[in-house]
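**Student:** Sending over a structure as structure tokens; questions will come in a sec.
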Amino acid sequence: MDKEPYFNTWIEISEAAYAHNLRFFKQKLPPSTELAVVVKSNAYGHGMLDIARLAIRHGADSFCVHSLEEALSLREAGYSQDILVMGHIPLKQLEEAVRQNLRIVLYNLESLRELRKAAHRLQKPARVHLKLETGTHRQGIGAEELPAFLEELTANSAVKLEGAYTHFANIE
């Protein structure tokens, strides 16, 4: 019996169609607006490094990934573009994220405090995007916690707030 796996499905990506889609979105944005391509989960099964290569070739400015491991894979492959790690990074790995000049999703005081320490040790800023809770209850700062969180965030220049975002609970 043949021991090779049998696959009856595959995917083909049209570089021309992908380039067209990136150009379409890029044209809708003001020139100073960054276009980030989400390549998490192996670019949703399409091949993270292949999609990253196409994305940069056709106008993407930066990447979004889920994990520190995915970000480090992009760095090891030679990508120097900005990378936002949207998933949880364990406290003991935050220093590596700062060292690699990654953008980090921030949504709790414990991570904020550890990032501040790591930034001081490395003498470089920790770059963060604040995740706001709007109903998914997975990650995010709730409205009631936000004032105190922002006060602590802005009290120290070692952690640089670059952006804020949310994941809508219901996109319908």
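**Student:** Counting only helical runs of four or more DSSP H residues, what would the 222 nm mean residue ellipticity of the chain come to if each run contributes -39,500 (n - 2.57) and the total is spread over all its residues?
**Tutor:** When only DSSP H runs of four or more count, the value is -11500 deg cm²/dmol.
**Student:** While we're here: Which whole-number value in Å² is the accessible area per residue of the chain, probe 1.4 Å?
**Tutor:** 62 Å²
**Student:** Separate question: Taking the Cβ-Cβ separation of Glu69 and Glu144 as r and a Förster radius of 25 Å, what is the calculated FRET efficiency to the nearest 0.05?
**Tutor:** Efficiency for this residue pair is about 0.15.
**Student:** May I pose another question? Would you mind telling me which residue in Arg138, Arg127, Arg57 has the biggest mean-square fluctuation in a Gaussian network model of the chain, where springs connect alpha carbons within a distance under 10 angstrom?
**Tutor:** Arg138
**Student:** How far, in nm, would the chain grow between Ile56 and Thr9 when pulled straight, counting 0.36 nm per residue and subtracting the alpha carbon separation?
**Tutor:** Length difference between fully extended and current span is 14.2 nm.
**Student:** Could I ask something else about it? In debye to the nearest 20, how big a dipole does the chain give about its Cα centre with +1 on each Lys and Arg Cβ and -1 on each Asp and Glu Cβ?
**Tutor:** It works out to roughly 520 debye.
**Student:** Can you work out ³J(HN,Hα) from phi for every residue in region 102-111, in order, using Karplus 6.51 cos²θ - 1.76 cosθ + 1.60 and θ = phi - 60°, giving whole Hz and x for Gly and Pro?
**Tutor:** Running phi through 6.51 cos²θ - 1.76 cosθ + 1.60 with θ = phi - 60° gives 8, 7, 10, 6, 10, 8, 8, 5, 4, 5 Hz.
**Student:** Net charge within 13 Å of Glu145 by Cβ-Cβ distance, Lys/Arg positive one each and Asp/Glu negative one each, not counting Glu145 itself? Could the numbers behind the result be given before it?
**Tutor:** Details: positive: Lys131; negative: Glu110, Glu133, Glu144, Glu151, Glu152.
Neighbourhood net charge equals -4.
**Student:** Can you work out the Karplus-derived ³J(HN,Hα) for every residue in region 5-19? Use 6.51 cos²θ - 1.76 cosθ + 1.60 with θ = phi - 60°, whole Hz, and x for glycine or proline.
**Tutor:** x, 9, 10, 10, 10, 7, 10, 10, 10, 8, 4, 4, 5, 5, 4
**Student:** I want to check a number: in the chain, how many lysine pairs have alpha carbons closer than 21 Å, given a sequence separation of 8 or more or different chains?
**Tutor:** 10
**Student:** Just to check I understand the Karplus step: with θ = phi - 60° and J = 6.51 cos²θ - 1.76 cosθ + 1.60, what whole-Hz values come out for region 134-148, glycine and proline as x?
**Tutor:** 10, x, 7, 6, 9, 9, x, 8, x, 4, 6, 8, 4, x, 5
**Student:** Using only the alpha-carbon atoms of region 26-142, report the extent along each of the three principal axes, biggest first, to the nearest angstrom.
**Tutor:** Ordered largest first, region 26-142 gives principal extents of 38, 34, 30 Å.
**Student:** Taking amide H atoms as placed 1.01 Å from N in the peptide plane, list the residues 5 or more away in sequence, or in a different chain, whose amide H sits under 5 Å from that of Asn101.
**Tutor:** When sequence neighbours closer than 5 places are left aside, there are no close amide H contacts.
**Student:** Now a separate question. For Ala126, enumerate residues with amide H under 5 Å from its amide H, sequence gap 5+ or separate chain, H modeled in the peptide plane.
**Tutor:** Amide H to amide H, under 5 Å and 5 or more residues apart or across chains, Ala126 pairs with Val159, Lys160.
**Student:** Another question, then. Please list, in chain and number order, the residues 5+ apart from Ile141 or on another chain whose amide H is under 5 Å from its amide H, with Hs placed from the backbone.
**Tutor:** Distant-sequence amide H within range of Ile141: Lys131, Leu132, Glu133.
**Student:** Can you tell which of Ser32, His167, Leu130 lies farthest toward the positive end of the dipole of the chain, using +1 and -1 charges on the Cβ of basic and acidic side chains (Lys, Arg; Asp, Glu)?
**Tutor:** Selected residue: Ser32.
**Student:** Can you compute the modelled spin-label distance between Ala77 and Glu162, with each label point 7 Å from Cα toward Cβ, in nm?
**Tutor:** A separation of 1.9 nm, rounded to one decimal place.
**Student:** Of the heavy-atom accessible surface of region 44-172 (probe 1.4 angstrom), what whole percent is carbon and sulfur?
**Tutor:** 52 percent
The values are calculated or read from the model by the stated rules, or taken from the named source; none is laboratory data. In this text, all values refer to a predicted model and were calculated from it rather than measured experimentally. Quick reminder, even Gly has a Cβ in these numbers, built from the backbone with ideal geometry, and neighbours come from all protein chains shown. Side chains included, ligands, DNA and RNA excluded: accessible areas come from the protein's heavy atoms. Shrake-Rupley method; radii C 1.70, N 1.55, O 1.52, S 1.80 Å.
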